[in-house]
Amino acid sequence: MDRKTPQNQTRKFHVDVIHLCEAFPKNAAGFETAKQLIRSAGSVGANYRASVRAKSPADFLYKIKVVLEEADESHYWLEVVRDAKLQTGVELDRLINEANELTAIFAATDKTNKTKLNNR
């Protein structure tokens, strides 16, 4: 997989989360949850993009760990959205699956690069 694919995938994830949050209830729970979710989803893409420009293998690994944390946090917030019934439907289910997939991808990337770094 080339590095443009995850950049596009993480950017699309962020944009899709923004669109999902636009339909949240206009109350304190809706606003605060949307704020947290949009920030974590945006951080996935922004930090992955930064990882591509890492100065060293150790820097790359550090940045990927941040991406992994933010993907997992996005997954958490999407589950909260579902459980609190702030939004329901196929798109929410798709984004929960997407966040889970991104978490798995970046966990594998972290593991692979940690092994490479330790074997140097």
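The values are calculated or read from the model by the stated rules, or taken from the named source; none is laboratory data. Since the model is a prediction, treat every value here as computed from it, not as a measurement. As a convention, Cβ positions derive from the backbone with ideal geometry for all residues, glycine included, and neighbour counts pool all protein chains shown.
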Checklist outcome for this item: Residues of the range 8-63 being within 19 Å of VAL90 (Cβ to Cβ) and of a type in the set (Phe, Trp, Tyr), in sequence order, are PHE13, PHE24
Next on the checklist: Restricting to the range 68-100, name every residue that is closer than 18 Å to GLN7 by Cα and touching a residue at least 40 places away in the same chain (Cβ under 8 Å).
Outcome noted: LEU68, SER74, LEU95, GLU98, ALA99
Next on the checklist: I need the full set of residues from the range 83-120 which are more than 13 Å from the chain's Cα centre (by Cα), under 19 Å from HIS19 (Cβ atoms) and not aliphatic (A, V, I, L, M), in order please.
Outcome noted: LYS85, GLN87, THR88, GLY89, GLU91, ASP93, ARG94
Item to check | Unmet criterion (only one of (1) over 12 Å from the mean Cα position of the chain (by Cα); (2) within 28 Å of ARG120 (Cβ to Cβ)) for ASN8 | outcome: (2)
Item to check | Hits in the range 1-45 - residues which are of a type in the set (Asp, Glu) and without any contact (Cβ under 8 Å) to a residue 40 or more places away in the chain | outcome: ASP2, GLU22, GLU32
Next on the checklist: One residue is enough: does the range 22-35 have a residue meeting the conditions exposed (fewer than 13 other Cβ atoms within 10 Å of the Cβ), over 15 Å from the mean Cα position of the chain (by Cα), modelled with pLDDT of 95 or more and on the phi > 0 side of the Ramachandran plot?
Outcome noted: no
Item to check | Among (1) surrounded by 14 or more Cβ atoms within 10 Å (Cβ to Cβ); (2) aliphatic (A, V, I, L, M); (3) assigned to a helix (DSSP H, G or I), the one test that ALA54 misses | outcome: (3)
Checklist entry - Any idea which of THR115, THR103 is in a helix (DSSP H, G or I) and surrounded by fewer than 19 Cβ atoms within 10 Å (Cβ to Cβ)? => result THR115
